[in-house]
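Colleague: This is the structure I have questions about; it appears just below.
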Amino acid sequence: MFKEFKEFAFKGNVLDLAVAVVLGAAFGAIVKSFVDDLINPFVGLLLGGTDLSNLFVVLRGGGPFDSLVQARAAGAAVWAYGSFLNSVITFLLVGFSLFLAIKAINAFRRAEESTTRECPQCTTEISKAASRCPACTSEVKQIA
């Protein structure tokens, strides 16, 4: 049984997944810092100098409170919509960053995997190794 577990745990896919999870967590921390420390201050300035994470409404439990931390410490029921906005902005930036990264990787893979190219004279698809186009018979430079 230990041998089977060892085979499962150290297969390439499981290790790749573990590395991806660790890198994803680190990437998430970087994007969260980017949102909290660089984006939200500008959004706060546009909203009149308020800190997005400190936007809240007291639903029940007294008040007034100067901060979300103070309201929660007093046990008040609060609707912390500013924290939610921070989370939405973080999610959108993480999603967009991953989209751009995967788009770049796919473009690189397509360019690397392609074994054909276009003939400069007649635009027929020809092999990268071809020295002459089979359609128009013009000489073309070989690509290694």
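Colleague: May I ask you to give the percent of accessible area on the chain that is carbon plus sulfur, with a probe radius of 1.4 Å?
Modeller: 66
Colleague: Taking only protein heavy atoms into account and a 1.4 Å probe, give the accessible area per residue of the chain in Å².
Modeller: Working: 10980 Å² over 144 residues.
Counting only protein heavy atoms, the per-residue value for the chain is 76 Å².
Colleague: Rg and Dmax of region 1-69, Cα atoms, in Å?
Modeller: Cα-based Rg and Dmax for region 1-69 come out at 21.9, 63 Å.
Colleague: Check Arg132: other-chain or 5+ apart residues with amide H under 5 Å from its amide H, H built from backbone geometry?
Modeller: It is Val140, by chain and number.
Colleague: Tell me the volume per residue, in Å³, of the convex hull enclosing the alpha carbons of the chain. Please list the in-between numbers first.
Modeller: Details: hull volume 34.6 nm³, N = 144.
Convex hull of Cα atoms, per residue: 240 Å³.
Colleague: Moving on. How much length is gained on full extension from Ser83 to Leu15, taking 0.36 nm per residue of separation minus their Cα-Cα distance? Walk me through the intermediate numbers first.
Modeller: Values: separation 68, 0.36 × 68 = 24.48 nm, distance 3.43 nm.
Result for the pair: 21.1 nm of gain on full extension.
The values are calculated or read from the model by the stated rules, or taken from the named source; none is laboratory data. Everything numeric here is computed off the predicted structure, so don't read it as measured data. Quick note on the areas: whole protein, heavy atoms, side chains included, nothing else; ligands and nucleic acids left out. Shrake-Rupley method; radii C 1.70, N 1.55, O 1.52, S 1.80 Å.
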